[in-house]
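Derivation of every value follows stated rules applied to the coordinates shown; laboratory data play no part. None of these values were measured; they are calculated from a predicted model. Because the Cβ atoms are built from the backbone with ideal geometry, glycine has one as well, and the counts that use them run over all protein chains shown.
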Amino acid sequence: MVSGLARALIAIASMLMWAPLVMVAAGGVLTEIYRDRSLRLAPIDLATAHEMIGEVLGLKPLAG
């Protein structure tokens, strides 16, 4: 965790039967309340990471 203006959740989940997933979501209580997230199969590149961040509505205020 990094302190700052907002919270973001970045997670990698790996199940034996499926490919690993990367998830980006708004953090804090927003993670529990809304299904505002972006999912991709791992691995991802930097452009895909930026695309995922742009898809999460709860992170839009951080765009400036």
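The rows are residues; the columns are (1) touching a Gly at 6+ places or on another chain (Cβ under 6 Å); (2) surrounded by 15 or more Cβ atoms within 10 Å (Cβ to Cβ).
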| position | (1), (2) |
| --- | --- |
| Met17 | no, no |
| Pro20 | no, no |
| Met23 | no, yes |
| Ala26 | yes, yes |
| Val29 | no, no |
| Arg35 | no, no |
| Leu41 | no, no |
| Leu46 | no, no |
| Gly54 | no, no |
- Query: So which residues in the range 15-42 are in contact with a Leu (Cβ under 6 Å, 6 or more places away or on another chain) and among the β-branched types (Val, Ile, Thr)?
  - Reply: Thr31
